[in-house]
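> Got a structure here, written out as structure tokens. Questions coming.
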Number of protein chains: 2
Amino acid sequence: MKRRITRQIHLGKVGIGSDYPISIQSMTTVPVADTEKLAAQVDRLVSRGCDIVRIALDLVEDEARFAAVCRAAKCPIVADIQFCAEAACAAIRAGACGVRVNPGLFHDDDELKKLAHLAIDKNVAIRVGANSGSIGKAAIDKKMATGLPFADALGSALVDGALKQCEKLESFGLKNIKVALKASDVAVTLAACREFAAKTDYPLHLGVTEAGTPAMGVIKSAVGIGTLLNEGIGDTIRVSLTAPPEEEVSAAIRILESCGIRESAPSLVSCPTCGRTEIDLFTLAQKVEALIDELKASGKCISAKKIAVMGCPVNGPGEAREADFGIAGSRNGQVIFFAQGKTIGVYSENDALAKLREAMEK
Amino acid sequence: MKRRITRQIHLGKVGIGSDYPISIQSMTTVPVADTEKLAAQVDRLVSRGCDIVRIALDLVEDEARFAAVCRAAKCPIVADIQFCAEAACAAIRAGACGVRVNPGLFHDDDELKKLAHLAIDKNVAIRVGANSGSIGKAAIDKKMATGLPFADALGSALVDGALKQCEKLESFGLKNIKVALKASDVAVTLAACREFAAKTDYPLHLGVTEAGTPAMGVIKSAVGIGTLLNEGIGDTIRVSLTAPPEEEVSAAIRILESCGIRESAPSLVSCPTCGRTEIDLFTLAQKVEALIDELKASGKCISAKKIAVMGCPVNGPGEAREADFGIAGSRNGQVIFFAQGKTIGVYSENDALAKLREAMEK
């Protein structure tokens, strides 16, 4: 898969664009007024693997508190602005490395110009965040009149909207721009991002907006973001879930891992079991997953790349022979411990788990 | 998105191929010996939305029990066979509409010929299930020598393996063939399915094998299956999770919904919240999700297509104006109930939920 070539921009120390790794973003849920709690949430997100944290800022009066959070943060902070250009300027003064605006919501070009000039001055990036909710019916109808189906028409109208906003910012001299084109519908998101990617060199921030609760939202995000990443499109991602933002970061990491973009060795493969399985593999797989997480978190260097947990001897050492180590169900509640496709021995579950720990720690 | 054109095959009443809807498969985890419990699991999967259920059959002696399960099932049953061609024949005699074999595991062509002839005679489909675990290192090295990276080389070797098996079955006169090319690695799965789709007209069964526990497995499956479906590839899907198979069916339905292939109105959009949100939106969204599920399950005809749950008044009626109904957080623990972007009123959470129920039941 060839990554789309983009211009390069910077959010503080984090580069965004085709020269840099795909970064993970999330957004805090604590009000700025609750400064300490907010700073703690930023910390938690960073330690989970979040590269860039976005914080909503609406009130110019919150500038000092926002500045304290930016200073304490171990990652670049992006300010999320809804209507108030003054708040955007306050965020930049306070140390935000980026500002997310929907310039369509600013009804005054002078405000936008002032913001662009301040961003240039402070070397701050601006994200143009176009959202399907802000596209008018007339714009969609016009696209549909050319024969496009609804999702493509809405996607294309979203592209036009974002392009207009980028042109305006460029006319004020700003180059440090990235763009997000978001819809709650995957098909619209795909259509918009593909068209925009083909037409411009702006780095793209990917996400399916208002994706819902984790059950549905994780899948919608994985399908939408994953499909685009597999086409080489996307430079920074945010999984949007109605859930604590830590879950967004975990899901984002797993999407990058699934696409082969990040590696977090060792990975766990485990079979879905069938009528052949005689042990409680669901629980065993979760125990192995917890063991892997524990060893990863302890910072121990683990040489194993793949661990397998399989239901039966056939699928075990055989199908999972590319795994460094594995456990497969056997008879009478016993399990097989195997390495590189070779059976080491038959053990109780607990003994096999101990063997696995020992092998991984070596 | 244009769906790839395939030949059409049938598993009992369920058609598989480009003329038919993309079907959902899962696999039971109860041994055939436990006949009643197995039949109950099949029933549960069907009522969750599973179109085709696969059951492992290893022993010819289980033929009568397997036949009882096939007779009781409200969906076509596919027998999963590992090595024993005799078990495959027993499954067909017992009423299986399809048989999944890895012909590479049958070391005797006469056995395979006998199976193919019986399948033709009984109008049963055979799935060639090629698996990356059964590809030899020499085959991969040969592909890599042509300059392919590892994932593509393994995918291509998987295609060669499956093609050889299809040719053999065709040489015995069998046409009723579908194919699965599975790997636990998404990149290998994509490479294999894309190459196979371009080279043949066989319907494709999609899945990422041994995808792991739900946390990772759902995301791997959504990225792998979703990317292919968004390219028009895939005729039947199975999400493989180390978890009760009911979860596989739910995840599969959500993948199809995310790709816009199935609609299950109304859908829920809900925002991830930010520091602007003053209510507990995570809990509220889950209550609304439960309400939607309850009304769907009750079989009531719901005219609404989209329900929104949003954190703040700005994102509420505005961004979610395409929703039929919605609830958005307001001040002092109150929420706004809105319809088609228009605020109906400000209520307590419980009153707004009652309003929503009433509006959806209308």
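> Please go through the stretch A:148-159 and pick out each residue that is in a helix (DSSP H, G or I) and surrounded by fewer than 17 Cβ atoms within 10 Å (Cβ to Cβ).
A:Phe150
> How many residues does the stretch B:50-75 contain that are open to solvent by less than 10 Å² (accessible area, probe 1.4 Å) and farther than 24 Å from B:Ala180 by Cα?
Residues in the stretch B:50-75 being open to solvent by less than 10 Å² (accessible area, probe 1.4 Å) and farther than 24 Å from B:Ala180 by Cα: 1 in total.
> Hey, another quick one. Scanning for something farther than 24 Å from B:Gly98 by Cβ, touching an Asp or Glu at 6+ places or on another chain (Cβ under 7 Å) and of a type in the set (Gly, Ala, Ser), does the stretch B:155-169 turn up at least one residue?
The answer is yes; a qualifying residue exists.
> Now a separate question. Could we say that B:Ala119 is modelled with pLDDT of 95 or more and more than 19 Å from B:Cys84 (Cα to Cα) here? Talk me through it step by step, then tell me what you get.
On the way: modelled with pLDDT of 95 or more: yes; more than 19 Å from B:Cys84 (Cα to Cα): no.
No.
> Can you name every residue in the stretch B:266-308 that is within 14 Å of A:Ala215 (Cβ to Cβ), more than 7 Å from every other protein chain (Cβ to nearest Cβ) and of a type in the set (Val, Ile, Thr)?
Result: B:Val288, B:Ile292.
> Here's a follow-up. Test A:Arg331 against the criterion of being under 20 Å from A:Ala304 (Cα atoms) and open to solvent by 40 Å² or more (accessible area, probe 1.4 Å), and give yes or no.
Spelling it out, it is not the case that A:Arg331 is under 20 Å from A:Ala304 (Cα atoms) and open to solvent by 40 Å² or more (accessible area, probe 1.4 Å).
> Against the condition surrounded by fewer than 21 Cβ atoms within 10 Å (Cβ to Cβ), of a type in the set (Val, Ile, Thr), within 8 Å of another protein chain (Cβ to nearest Cβ) and in contact with a Ser or Thr (Cβ under 7 Å, 6 or more places away or on another chain), how does B:Thr227 come out, does it pass? Give the steps one after another, and end with the answer.
Details: surrounded by fewer than 21 Cβ atoms within 10 Å (Cβ to Cβ): no; of a type in the set (Val, Ile, Thr): yes; within 8 Å of another protein chain (Cβ to nearest Cβ): yes; in contact with a Ser or Thr (Cβ under 7 Å, 6 or more places away or on another chain): yes.
Against the criterion (surrounded by fewer than 21 Cβ atoms within 10 Å (Cβ to Cβ), of a type in the set (Val, Ile, Thr), within 8 Å of another protein chain (Cβ to nearest Cβ) and in contact with a Ser or Thr (Cβ under 7 Å, 6 or more places away or on another chain)), B:Thr227 does not qualify.
> Name the one entry in A:Val78, A:Val99, A:Val30 that is open to solvent by less than 10 Å² (accessible area, probe 1.4 Å), assigned by TED's automatic domain parsing to the domain that holds A:Leu181 and closer than 21 Å to A:Pro244 by Cβ.
One residue alone meets the criteria, A:Val78.
> Would you pick out the residues in the stretch A:271-311 that are open to solvent by 10 Å² or more (accessible area, probe 1.4 Å), of a type in the set (A, V, I, L, M), farther than 16 Å from B:Met216 by Cα and under 27 Å from the mean Cα position of the chain (by Cα)?
A:Ala297, A:Ile302, listed by residue number.
> Being open to solvent by 30 Å² or more (accessible area, probe 1.4 Å) and either of a type in the set (Phe, Trp, Tyr) or farther than 15 Å from B:Ala96 by Cβ (or both) is the filter here, so list the residues in the stretch B:12-27 that pass it.
If the condition is that a residue be open to solvent by 30 Å² or more (accessible area, probe 1.4 Å) and either of a type in the set (Phe, Trp, Tyr) or farther than 15 Å from B:Ala96 by Cβ (or both), then B:Asp19, B:Tyr20, B:Pro21 are the ones that fit.
> Which condition breaks for A:Ala215 when tested against (1) closer than 24 Å to B:Val208 by Cβ; (2) out of contact with any strand residue (DSSP E or B) (no Cβ under 6 Å at 6 or more places or on another chain); (3) more than 8 Å from every other protein chain (Cβ to nearest Cβ)?
If we test A:Ala215 against (1) closer than 24 Å to B:Val208 by Cβ; (2) out of contact with any strand residue (DSSP E or B) (no Cβ under 6 Å at 6 or more places or on another chain); (3) more than 8 Å from every other protein chain (Cβ to nearest Cβ), just (3) comes out false.
> Sticking with this structure for a sec: Across the stretch B:239-259, what is the total count of residues that are touching a Gly at 6+ places or on another chain (Cβ under 7 Å), open to solvent by 10 Å² or more (accessible area, probe 1.4 Å) and more than 15 Å from A:Ala215 (Cα to Cα)?
Within the stretch B:239-259, residues that are touching a Gly at 6+ places or on another chain (Cβ under 7 Å), open to solvent by 10 Å² or more (accessible area, probe 1.4 Å) and more than 15 Å from A:Ala215 (Cα to Cα) number 1.
> Can you find a residue that is open to solvent by less than 20 Å² (accessible area, probe 1.4 Å), among the β-branched types (Val, Ile, Thr) and free of Cβ contacts under 8 Å to residues at least 40 places away in the same chain anywhere in the stretch A:164-185?
Checking the stretch A:164-185: not a single residue is open to solvent by less than 20 Å² (accessible area, probe 1.4 Å), among the β-branched types (Val, Ile, Thr) and free of Cβ contacts under 8 Å to residues at least 40 places away in the same chain.
> Also, I was wondering about something else. What are the residues in the stretch A:192-217 that are open to solvent by 10 Å² or more (accessible area, probe 1.4 Å), farther than 17 Å from A:Ser18 by Cα and in a helix (DSSP H, G or I), if any?
Answer for the stretch A:192-217, where residues must be open to solvent by 10 Å² or more (accessible area, probe 1.4 Å), farther than 17 Å from A:Ser18 by Cα and in a helix (DSSP H, G or I): A:Glu195, A:Pro214, A:Ala215, A:Met216.
> When you look at A:Ala197, is it touching a residue at least 24 places away in the same chain (Cβ under 8 Å), facing chain B (nearest Cβ under 10 Å) and closer than 29 Å to B:Val188 by Cβ, yes or no?
Judged against the criteria, A:Ala197 is not a match.
> Under the condition of being in a loop (DSSP other than H, G, I, E, B) and not aliphatic (A, V, I, L, M), which residue from the stretch B:233-260 is farthest from the other protein chains (Cβ to nearest Cβ)?
B:Asp235
> Kindly indicate whether any position in the stretch B:121-144 is within 16 Å of B:Val99 (Cβ to Cβ), assigned to a helix (DSSP H, G or I) and open to solvent by 10 Å² or more (accessible area, probe 1.4 Å).
yes
> Just checking: which of the strands (runs of 3 or more DSSP E) contained wholly in the stretch A:1-111 hold 1 or more residues that are within 14 Å of chain B (Cβ to nearest Cβ) and among the hydrophobic types (A, V, I, L, M, F, W, C)?
A:23-27, A:52-56, A:77-80, A:98-101
> Are any of the residues in the stretch A:167-180 out of contact with any Pro (no Cβ under 6 Å at 6 or more places or on another chain), within 10 Å of chain B (Cβ to nearest Cβ) and in a loop (DSSP other than H, G, I, E, B)?
Scanning the stretch A:167-180, I find no residue that is out of contact with any Pro (no Cβ under 6 Å at 6 or more places or on another chain), within 10 Å of chain B (Cβ to nearest Cβ) and in a loop (DSSP other than H, G, I, E, B), so the answer is no.
The values are calculated or read from the model by the stated rules, or taken from the named source; none is laboratory data. From a predicted model like this one, the values you see are computed outputs, not experimental measurements. Cβ atoms come from the backbone with ideal geometry, glycine included; neighbour counts cover every protein chain shown. The area values use the complete protein model at the heavy-atom level, side chains included, leaving out ligands, DNA and RNA. Shrake-Rupley method; radii C 1.70, N 1.55, O 1.52, S 1.80 Å.
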